[in-house]
Every structure is written in C-alpha cells, then in structure tokens.
Amino acid sequence: MQAMVSKYMRMLQGVLTTTQAIDNSIQRNKEVYNFLCLLNYGGMFYVLFITSVVMLTSYFVTIPFYYTIASEAPESLWQGRLLALYFYINIVLNYILILYGGVQSIYCSRNDLPMFDVSTHEDWTKCDRCDRFVPPRTRHCSICDRCILKRDHHCFFTGCCVGFYNQRYFIMYNLHGALSCFAALCYLKSYLGSHYVELFSEEFFKYTLPYALVAWILGYVAFQIFLMVILFYLILMTGIMCAYFVIWQGNLMISGQTSYEFVKGNKYYQSNISEHLRSVFGRYWALNILFPMPQFKQENDGTTWSSSSTKFL
Ligand SMILES: [Zn+2]
Ligand SMILES: [Zn+2]
C-alpha cells in the first residue's frame, strides 16, 4: 500500500513538473503561447459540449429507458432525473464561480502601475513580469499574463487560473463531474446492454471504437448506437480526468501546498488539516460538498500567510 502511494506521488510530481516546464517555456516561445491560448478555447468548448450532451442524453434517453422501458422501478424516474438536475446545477454553478473567483484571484497585471514601496512585508517578492511586489504564494501566469493569489495552476477547461478565490469551486466542480460521469455511465451501460451488447460479456470487444466504426459503416449498427459508444468513451475519459483532479487537489489540500510548492518540495505553510480545509473552503467547509457556498468566505485574504505558526493569519 505504502509502495503504491509513493508510486502515485512520484507520478503526480512528474505530471506537475511537466506542467511547470510548459509554463516556463511559454515565456520564451510565442508559438507555445498561441497554441496554449487555442487550447484554452478548445478546453472551454469541450466542457460546454460534454456537459450539455451528457445532461440531455441522460435526461431524455438513458434515464427514461432505465426506469420505464427497462422496468427498473418506473416510479423512480423522477428521482433519476432529479439527481441528474442536481449534478447539472452544481456543475454549472461551480463552473461560473471558478470563472468569477479566477478574476477575484488576480493580484496584478503588467499594465498596473509599478509599486516599489510595498516591500514593507519582507516575505513579498518582486514579479519581474508585472514589475510589482507580490504576496507570498502569488505567482505569475504566463497565459493570463497576470499574478494570481495563491496560484495553483492554469486550467485549460475554464480558461483561467485556479487560485485563492476559486480553488474550492474547482475541487467541487470535479467532484460532481466525477460522480455525475459515474451515474451517467451506469445508465448508458444499461441502455447499450439492451440496444447493443452487454459490456461485461464475451462480446465486450464490440465496444472497441474500430469495431463499432466498421460495424456502423457496414450497416450492422445504427448511427445512434455508434454515437452512444463514442459517448461512453467520452464520459469514461471525462470521469477519470475529474477523479484525477479531485485526488490531486485533495492531496494538496491535506498537505497545505499549491502544485508549485508540491513540485518544489516546499512546505512552508503548515497547519492542521482542518485549517487547510477552511483556508480553501471557508467556514462550514463540508457544506460545499452539497452546494457551492460563496457566502462562507475564507478567513484569510490570500495575501498574508503565516509560515511557521500553526494557524493561518
Ligand atoms: Zn506577475
Ligand atoms: Zn492563468
């Protein structure tokens, strides 16, 4: 078990180091910058596309099939649809709040007037790109071209940075994303099991994309079923990605680090797990799991961090 955990940590560190290397290369290469800007729009389009398609397909096709046609407790149809709506509303609200919190997390940009006299705080450092002194844990994002409070990483699926004011929504967005993908997969598995083939059977190979494509071209499989097989993979991939983000962020939250600090092996801002959770989610942190709670703000303002004491200021 311990070996598995350390293997996972090494893998995570490898992924984050690569992200860091990409981030550094942006400053030197304009083409990389343009490509990543394009990736921003692609990521946002993907989120919009997959969220709408999964919601509409589940609500109007697979959930009614599961509860009415497949005769799995027909009276529970409204429960299935309510669950889908709950996930959908949570995902949309958290997404909007990620964007809003992304703007709030901006500390300064290169267009701001230089302020050299704020170095009264000895732990502040100068951002050469913005030409300003910035609080600890604030880092410059080469894609946003701004300094972000407690910057964790740049998220291509939202087109903004994840930092002090939106990390909580990012985590909850991914948690609900992973859970909704799991539920959508269960309904879709039942639908395809009846209209195509059972996933866990001797004919599981029919779920491979090349087979489904050839079967559709030769007319053995309806186009609608072929699309459902593609959707199956898209949901699976999205669900795994969301689950990965939850584990990654959960790990950082427990250790009280940002991705950058994790890669560098820095652990300056130590405290207990409860303090770490409140620093990310604010008071009553557990309520955020049910619904986004922007009214319960964090106790810190993201500019002042205690490095050695056991409490965030
Ligand atoms: Zn900067
Ligand atoms: Zn950014």
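The values are calculated or read from the model by the stated rules, or taken from the named source; none is laboratory data. What you see is a predicted model, and the numbers here were worked out from it, not measured in a lab. Virtual Cβ from ideal backbone geometry, glycine too; neighbours counted across all protein chains shown.
For segment 29-53, how many residues meet the condition of being outside any helix (DSSP H, G or I) and touching a residue at least 24 places away in the same chain (Cβ under 8 Å)? Outline the logic, then answer.
First, the residues of segment 29-53 that are outside any helix (DSSP H, G or I): 29.
Narrowing further to those that are touching a residue at least 24 places away in the same chain (Cβ under 8 Å): none.
Of the residues in that region, 0 qualify.
Counting only residues that are β-branched (Val, Ile, Thr) and either in contact (Cβ under 8 Å) with a residue 24 or more places away in the chain or buried (at least 24 other Cβ atoms within 10 Å of the Cβ) (or both), which one in segment 125-140 is farthest from ligand 2 (Cβ to nearest atom)?
Here the residue is Val134.
Rundown of residues vs (1) modelled with pLDDT of 95 or more; (2) loosely packed, with under 15 Cβ neighbours inside 10 Å, yes/no style:
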{"position": "Tyr41", "(1), (2)": "no, yes"}
{"position": "Val54", "(1), (2)": "yes, no"}
{"position": "Phe60", "(1), (2)": "yes, yes"}
{"position": "Ile69", "(1), (2)": "no, yes"}
{"position": "Pro74", "(1), (2)": "no, yes"}
{"position": "Arg81", "(1), (2)": "yes, no"}
{"position": "Leu85", "(1), (2)": "yes, yes"}
{"position": "Ile98", "(1), (2)": "yes, no"}
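Answer with yes or no whether Ala178 is part of a helix (DSSP H, G or I) and either within 16 Å of ligand 2 (Cβ to nearest atom) or surrounded by 24 or more Cβ atoms within 10 Å (Cβ to Cβ) (or both).
no
Could you tell me which of the residues Leu227, Leu218 is more than 22 Å from Ser58 (Cβ to Cβ), among the hydrophobic types (A, V, I, L, M, F, W, C) and surrounded by fewer than 17 Cβ atoms within 10 Å (Cβ to Cβ)?
Details: Leu227 fails: more than 22 Å from Ser58 (Cβ to Cβ).
After applying the criteria, what remains is Leu218.
Is one or more of the residues making up segment 157-168 more than 16 Å from ligand 2 (Cβ to nearest atom), surrounded by fewer than 23 Cβ atoms within 10 Å (Cβ to Cβ), among the basic types (Lys, Arg) and over 19 Å from Ile240 (Cβ atoms)?
Initial filter on segment 157-168 (more than 16 Å from ligand 2 (Cβ to nearest atom)): 168.
Going one step further and asking which of them are surrounded by fewer than 23 Cβ atoms within 10 Å (Cβ to Cβ), we end up with none.
No: segment 157-168 contains no residue that is more than 16 Å from ligand 2 (Cβ to nearest atom), surrounded by fewer than 23 Cβ atoms within 10 Å (Cβ to Cβ), among the basic types (Lys, Arg) and over 19 Å from Ile240 (Cβ atoms).
Would you call Ile148 of a type in the set (A, V, I, L, M), within 21 Å of Phe281 (Cα to Cα) and within 16 Å of ligand 1 (Cβ to nearest atom)?
On the way: of a type in the set (A, V, I, L, M): yes; within 21 Å of Phe281 (Cα to Cα): yes; within 16 Å of ligand 1 (Cβ to nearest atom): yes.
In short, yes.
Name, by its number, the condition in (1) modelled with pLDDT of 95 or more; (2) among the aliphatic types (A, V, I, L, M); (3) within 16 Å of ligand 2 (Cβ to nearest atom) that does not hold for Ile143.
Of everything listed in (1) modelled with pLDDT of 95 or more; (2) among the aliphatic types (A, V, I, L, M); (3) within 16 Å of ligand 2 (Cβ to nearest atom), Ile143 misses just condition (1).
For segment 174-182, check the following and say yes or no: at least one residue is over 15 Å from the mean Cα position of the chain (by Cα) and either farther than 13 Å from Ile106 by Cα or within 16 Å of ligand 1 (Cβ to nearest atom) (or both). Full working, then the answer.
Taking segment 174-182 first, the residues over 15 Å from the mean Cα position of the chain (by Cα) are 182.
Those still in the list that are either farther than 13 Å from Ile106 by Cα or within 16 Å of ligand 1 (Cβ to nearest atom) (or both) too: 182.
Looking for residues that are over 15 Å from the mean Cα position of the chain (by Cα) and either farther than 13 Å from Ile106 by Cα or within 16 Å of ligand 1 (Cβ to nearest atom) (or both), one finds at least one in segment 174-182, hence yes.
Which of the helices (runs of 4 or more DSSP H) found entirely inside segment 230-313 contain at least 2 residues meeting this: of a type in the set (Ser, Thr, Tyr) and out of contact with any strand residue (DSSP E or B) (no Cβ under 7 Å at 6 or more places or on another chain)? I'd like the intermediate steps shown before the answer.
Numbers: elements: 259-264, 273-281, 287-290.
Here the list reads 273-281.
List the pairs whose first member sits in segment 54-72 and is over 13 Å from Cys186 (Cα atoms) and in a helix (DSSP H, G or I), whose second member is of a type in the set (Phe, Trp, Tyr) and at pLDDT 95 or above, and whose Cβ atoms are under 6 Å apart, counting only residues at least 6 apart or on separate chains?
Met55/Tyr88
Given the condition basic (Lys, Arg), touching a residue at least 40 places away in the same chain (Cβ under 8 Å), within 16 Å of ligand 2 (Cβ to nearest atom) and more than 17 Å from Thr258 (Cα to Cα), answer yes or no: does some residue in segment 102-111 qualify?
Applying the first criterion (basic (Lys, Arg)) to segment 102-111 yields 110.
Still in the list and also touching a residue at least 40 places away in the same chain (Cβ under 8 Å): none.
No, segment 102-111 has no match at all.
Let me spell it out: the conditions are (1) of a type in the set (Phe, Trp, Tyr); (2) within 11 Å of ligand 1 (Cβ to nearest atom); (3) not in a strand (DSSP E or B), and Tyr165 meets all of them except one. Which number is the exception?
If we test Tyr165 against (1) of a type in the set (Phe, Trp, Tyr); (2) within 11 Å of ligand 1 (Cβ to nearest atom); (3) not in a strand (DSSP E or B), just (2) comes out false.
Please work out which residue is nearest to ligand 1 (Cβ to nearest atom), limiting yourself to segment 114-130 and to residues that are modelled with pLDDT of 85 or more and over 14 Å from Leu149 (Cβ atoms). Let's see the steps before the verdict.
Just the residues of segment 114-130 that are modelled with pLDDT of 85 or more, to begin with: 124-130.
After this cut, where a residue has to be over 14 Å from Leu149 (Cβ atoms) as well, the list is 126, 128-129.
Working: Lys126: 9, Asp128: 8, Arg129: 4 Å.
By that ranking, first place goes to Arg129.
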